[in-house]
1. Within the accessible area of the range 125-191, what % is carbon and sulfur when the probe is 1.4 Å and the other protein chains stay in place?
2. Which one of THR30, LEU90, VAL71 is farthest out on the positive end of the charge dipole of the range 17-122, using unit charges on Cβ (Lys, Arg +1; Asp, Glu -1) and the Cα centre as origin?
3. So, for the range 81-174, what is the accessible surface per residue at a probe of 1.4 Å, expressed in square angstrom?
4. If I compute solvent accessible area with a 1.4 Å probe over the protein chains, what percent of it on the range 50-115 is carbon and sulfur?
5. Which order do the peptides 69-79, 90-100 come out in when sorted by mean C-beta neighbours inside 10 angstrom, highest first?
6. Out of the trypsin sites (Lys or Arg not before Pro) in the range 118-191, which ones are loop residues according to DSSP with at most 16 other C-beta atoms within 10 Å?
7. Could you give the size of the charge dipole of the range 88-177 about its Cα centre, using +1 on the Cβ of each K and R and -1 on the Cβ of each D and E, expressed in debye and rounded to the nearest 20?
Amino acid sequence: MTMRVRTLAAAVACAAVLAGCFAGDPERATPAGFVRYRGEGYTFAYPAGWTLRRATDERGHQLLHIDGPDVTPGVSLGQVSVGRERPAKLPFEEQLGQYRALSVMSGRKVSVDREVKVSGAERAHRFEAVQPVRTSGGQPAQLQIIDIYVLTEDRTLLDFVVRAPEGGAATARLPEVLASFQVRPVERGQG
């Protein structure tokens, strides 16, 4: 593991421990220069000026992507993605198994694979990895990725992901994005 990856992992771990990811907590203050996003069953903050887009995948799952500015064609300063499936179609262990299998097939090197506590969640699991990618111009690059899978008490599956070029997570302020993530109860009639 490179020193940059260790530094990112330590910074993110500290931020997550200090801030927590708790549904019972009052909504955290939005960091200066950030915008708060409130989704169905979750909330987080991201840097102002980043581009937000919503989509639905081929299976009808709700997707949210927020991209920072490009640092090189095809690679942004940072990215936040949230996938939401309600109700979760696969058992949680199968979702985690799919992540592990896709990691092997794509060349993603997983350095962290562990259960975590997220208040308001029935289960939560964290993966940290480095993924080889190519820029639009075909140049190789490495992305640092942190995935947090959450299964809520109402059977919603959330996949909260932050990504940045290797060594760029602090520049993109992704530790603050990750620390701002909170699972929130869905009001009746939503979802």
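1. On the way: 1270 of 2730 Å².
Percent of accessible area from carbon and sulfur atoms in the range 125-191: 47.
2. Towards the positive end, the residue furthest out is VAL71.
3. Heavy-atom accessible area per residue stands at 47 Å².
4. Details: 2130 of 3860 Å².
Of all accessible area on the range 50-115, carbon and sulfur atoms account for 55 percent.
5. Values: 69-79: 17.0, 90-100: 13.6.
Highest-to-lowest ranking by the protection proxy: 69-79, 90-100.
6. Numbers: sites: ARG123, ARG126, ARG134, ARG155, ARG163, ARG173, ARG188; in loops: ARG155, ARG173, ARG188.
When the trypsin sites (Lys or Arg not before Pro) of the range 118-191 are filtered for loop state and at most 16 Cβ neighbours within 10 Å, ARG155, ARG188 remain.
7. Details: 12 positive and 12 negative charges, 59 e Å.
Rounded to the nearest 20 debye, it is 280 debye.
The values are calculated or read from the model by the stated rules, or taken from the named source; none is laboratory data. All values derive from a computational prediction rather than experimental measurement. Backbone-built Cβ (ideal geometry, glycine too); neighbour counts: all protein chains shown. Protein only, heavy atoms only, side chains kept; ligands, DNA and RNA dropped before computing areas. Shrake-Rupley method; radii C 1.70, N 1.55, O 1.52, S 1.80 Å.
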